[in-house]
1. Please work out which one of (1) farther than 21 Å from residue 275 by Cβ; (2) part of a helix (DSSP H, G or I) is the condition residue 217 fails and give its number.
2. Hey, which of the strands (runs of 3 or more DSSP E) in the range 257-361, taking only ones fully inside, have at least 2 residues that are within 29 Å of residue 112 (Cα to Cα), open to solvent by 20 Å² or more (accessible area, probe 1.4 Å) and away from ligand 1 (no atom under 16 Å from the Cβ)?
3. Looking at the range 130-156, I want the residues that are under 16 Å from residue 302 (Cα atoms) and in contact (Cβ under 8 Å) with a residue 12 or more places away in the chain and have a partner that is in a helix (DSSP H, G or I) and more than 16 Å from ligand 1 (Cβ to nearest atom) with Cβ atoms under 7 Å, at least 6 apart or on another chain. Which pairs are those?
4. Within the range 149-162, can you find the residues that are open to solvent by less than 10 Å² (accessible area, probe 1.4 Å) and within 16 Å of ligand 1 (Cβ to nearest atom)?
5. Is it fair to say residue 230 is over 24 Å from residue 333 (Cα atoms), within 16 Å of ligand 2 (Cβ to nearest atom) and in a loop (DSSP other than H, G, I, E, B)?
6. Anything in the range 233-256 that is part of a loop (DSSP other than H, G, I, E, B) and surrounded by fewer than 19 Cβ atoms within 10 Å (Cβ to Cβ)? List them, or say none.
7. Collect the residues in the range 253-285 that are within 21 Å of residue 356 (Cα to Cα) and of a type in the set (Lys, Arg), keeping them in residue-number order.
8. Pairs only if they're at least six apart or on different chains, beta carbon under 6 angstrom, first in the range 326-340 and free of Cβ contacts under 8 Å to residues at least 12 places away in the same chain, second part of a strand (DSSP E or B); list them, first residue then second.
Amino acid sequence: MGLCPTVYRFTRKTKCLLLLALCLCVLAWVAAFISGTVKPFELVPTQVQKWERMGSEVEAGLNTEPGGLYTPTELLQTKEKEEEELPKAPCPKKSPLLRGPLPLSFEPALTLGRVEGENGAVSGGQYQPADCVAQQSVAVLIPHRNREKHLLYLLHHLHPFLQRQQLHYAIYIIHQAGEETFNRAKLLNIGYLEALKDYSWDCFIFHDVDLVPENDHNLYTCDQQPKHLVVGRNSTGYKLRYKGYFGGVTALSRQQFLKVNGFPNSYWGWGGEDDDLRKRVELQRMSVVRPPAAIGRYTMVFHQRDNGNEVNKDRMRLLSKTSDMWKKDGLNSCTYQTLSVERPPLYINVTVNIGKPPSTH
Ligand code: UDH
Ligand code: MN
């Protein structure tokens, strides 16, 4: 009795009120439990529950708070990203995919669709190895007009050939619009200038459309010196045409080509422009290197002389002036109008208006 004297002092009315309040409390708690707002014994959410809730909100796109904690899903995605972006090792100096001399095929029924199907990893004319970083980034420049079948044969062989060499590369077709006299050298200057708008290529291969390499040890990369790749071809009995021959296919680095101010723009019609480039190289105290004869072998698809590419009768006179002209006539004076740049899967097609030879010509 003495322990709780106040209880004894409650009136019956007060007792009833207290009982009623207690009942209301219990009722409210039961209602909250049923509606799910409160879990029994866990009225304060734990940290784990907070993360779980944040996770489901992030997934539902509700939690936009910056710097929030990672949910398990986010952690997984970040890990996958890190694995994807792991830096690739450089490709080996010598590609393990090279196969040496391979038989070439020139099927009349070949289609562009088939060549596209065989080169699914090429897109917008460009390719790079999937699992290593290429030793060089190379732009192949092909002057072109009215040689569609030759172009198809070349694409058919060149894409797998360059992929076996594990190069990062792109193939540019520089297409001369109109019917005026052909100008191979100017088209190649344009190819260099246009390709550099896409990427800072290390190396440029200046490539006739009708020459198909027979041996993939003939590397489409640039060396310390400008390189001439056509040591021999079927049409010359696989002999070098003459000692200083520098035509057909050549490889010059971005800097080497810039140093010689590129090709001359003033050679219209067939011949002389390749000799002029060799003279420019020599004037800069560089020398020409070549692969061994057994490797620098090409098949030239048979053709006659094209209309609009008649022998340039002026070429000897022009060649006697290279040492005066190289600084004025070249990359720094190459004017043209780009009509279109198309990017189908296997090449970049740059169509240009290059003007015409001067009327005194
Ligand atoms: N080219 C064209 N279209 C032309 C002219 C030239 O695309 O109308 C390009 C093409 O990339 C070609 C390159 O310029 O490979 C060189 O021209 P070319 O193949 O005519 O030169 P090549 O020295 O032949 O191979 C010269 C004429 C050979 C006549 C042989 C007759 N038996
Ligand atoms: Mn030819």
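The values are calculated or read from the model by the stated rules, or taken from the named source; none is laboratory data. Predicted model, so just to flag it, every value in this text is computed and none were measured. Neighbour counts run over all protein chains shown; Cβ positions are idealised from the backbone, glycine included. Protein only, heavy atoms only, side chains kept; ligands, DNA and RNA dropped before computing areas. Shrake-Rupley method; radii C 1.70, N 1.55, O 1.52, S 1.80 Å.
1. Among (1) farther than 21 Å from residue 275 by Cβ; (2) part of a helix (DSSP H, G or I), the lone unmet condition for residue 217 is (2).
2. Here the list reads 337-342.
3. Pairs that qualify, where the first residue is under 16 Å from residue 302 (Cα atoms) and in contact (Cβ under 8 Å) with a residue 12 or more places away in the chain and the partner is in a helix (DSSP H, G or I) and more than 16 Å from ligand 1 (Cβ to nearest atom), are 152/112; 152/115.
4. 154, 155, 158
5. Working: over 24 Å from residue 333 (Cα atoms): yes; within 16 Å of ligand 2 (Cβ to nearest atom): yes; in a loop (DSSP other than H, G, I, E, B): yes.
Answer is yes for this residue.
6. 237, 238, 239, 240, 241, 242, 243, 244, 245
7. None; the set is empty.
8. Hits for this filter: 340/351.
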